[in-house]
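Notes for the one structure printed next.
The values are calculated or read from the model by the stated rules, or taken from the named source; none is laboratory data. Just so it is clear, the structure is predicted and the values come from calculations on it, not from any experiment. Don't worry about glycine lacking a Cβ; one is built from the backbone with ideal geometry, like all the others, and counts go over all protein chains shown.
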Amino acid sequence: MPSTKTQNGKVAPKSDAADDLRALFEEQLKDIYWAEKALTKALPKMAKNATSEELVAAINDHLEVTKAQVE
(Lines give C-alpha, C1' and ligand atoms only; values in the text may rest on other atoms or scores of the structure.)
Protein backbone atom coordinates (compact mmCIF):
# COMPACT_ATOMS: atom_id res chain seq x y z
CA MET A 1 0.00 0.00 0.00
CA PRO A 2 1.44 3.41 -0.92
CA SER A 3 2.35 5.70 1.93
CA THR A 4 3.50 9.25 2.54
CA LYS A 5 5.73 10.81 5.19
CA THR A 6 4.20 13.15 7.73
CA GLN A 7 5.88 16.32 9.00
CA ASN A 8 7.55 14.41 11.82
CA GLY A 9 8.97 11.88 9.36
CA LYS A 10 6.66 9.01 10.26
CA VAL A 11 5.11 7.00 7.47
CA ALA A 12 1.33 7.33 7.14
CA PRO A 13 -0.97 5.50 4.72
CA LYS A 14 -2.36 7.47 1.82
CA SER A 15 -5.73 8.99 2.52
CA ASP A 16 -7.15 7.22 -0.54
CA ALA A 17 -6.91 3.93 1.32
CA ALA A 18 -8.68 5.42 4.33
CA ASP A 19 -11.35 6.89 2.07
CA ASP A 20 -11.84 3.50 0.40
CA LEU A 21 -12.22 1.79 3.78
CA ARG A 22 -14.69 4.41 4.96
CA ALA A 23 -16.73 4.07 1.76
CA LEU A 24 -16.77 0.29 2.15
CA PHE A 25 -17.81 0.59 5.80
CA GLU A 26 -20.62 3.00 4.93
CA GLU A 27 -21.84 0.74 2.12
CA GLN A 28 -21.92 -2.24 4.48
CA LEU A 29 -23.86 -0.21 7.06
CA LYS A 30 -26.41 0.73 4.40
CA ASP A 31 -26.82 -2.94 3.46
CA ILE A 32 -27.30 -3.96 7.09
CA TYR A 33 -29.78 -1.14 7.68
CA TRP A 34 -31.77 -2.20 4.61
CA ALA A 35 -31.84 -5.81 5.82
CA GLU A 36 -33.00 -4.79 9.30
CA LYS A 37 -35.78 -2.65 7.83
CA ALA A 38 -36.85 -5.54 5.59
CA LEU A 39 -36.97 -7.81 8.65
CA THR A 40 -39.34 -5.43 10.44
CA LYS A 41 -41.78 -6.04 7.57
CA ALA A 42 -41.21 -9.77 7.21
CA LEU A 43 -41.20 -10.85 10.86
CA PRO A 44 -44.85 -9.95 11.57
CA LYS A 45 -45.90 -12.06 8.57
CA MET A 46 -43.78 -14.92 9.84
CA ALA A 47 -45.33 -14.65 13.31
CA LYS A 48 -48.82 -14.67 11.81
CA ASN A 49 -48.05 -17.92 9.97
CA ALA A 50 -46.11 -19.61 12.78
CA THR A 51 -47.64 -22.84 14.04
CA SER A 52 -46.56 -22.79 17.69
CA GLU A 53 -46.86 -20.22 20.44
CA GLU A 54 -43.19 -20.66 21.28
CA LEU A 55 -42.21 -19.77 17.72
CA VAL A 56 -44.58 -16.79 17.66
CA ALA A 57 -43.02 -15.52 20.90
CA ALA A 58 -39.48 -15.96 19.56
CA ILE A 59 -40.31 -14.13 16.34
CA ASN A 60 -42.00 -11.29 18.23
CA ASP A 61 -39.02 -10.98 20.57
CA HIS A 62 -36.71 -10.81 17.57
CA LEU A 63 -38.97 -8.20 15.98
CA GLU A 64 -38.65 -5.93 19.02
CA VAL A 65 -34.85 -6.26 18.98
CA THR A 66 -34.77 -5.55 15.26
CA LYS A 67 -36.97 -2.46 15.62
CA ALA A 68 -34.62 -1.12 18.28
CA GLN A 69 -31.63 -1.67 16.00
CA VAL A 70 -33.29 0.22 13.15
CA GLU A 71 -33.91 3.21 15.41
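Can you tell me which residue is nearest to the chain's Cα centre (by Cα) among those in the range 51-71 that are exposed (fewer than 14 other Cβ atoms within 10 Å of the Cβ), assigned to a helix (DSSP H, G or I) and of a type outside the set (A, V, I, L, M, F, W, C)?
Q69
Where the second residue is among the charged types (D, E, K, R) and surrounded by 10 or more Cβ atoms within 10 Å (Cβ to Cβ) and the first is under 10 Å from V70 (Cβ atoms) and touching a residue at least 24 places away in the same chain (Cβ under 8 Å) and lies in the range 25-49, which pairs have Cβ atoms under 7 Å and are six or more apart or on separate chains?
Here the result reads T40/K67, each pair linking the range 25-49 to a residue that is among the charged types (D, E, K, R) and surrounded by 10 or more Cβ atoms within 10 Å (Cβ to Cβ).
With respect to A17, determine if the residue is among the small types (G, A, S), assigned to a helix (DSSP H, G or I) and at pLDDT 90 or above. Before the answer, list the steps.
On the way: among the small types (G, A, S): yes; assigned to a helix (DSSP H, G or I): yes; at pLDDT 90 or above: no.
Taking the combined requirement at face value, the residue does not satisfy it.
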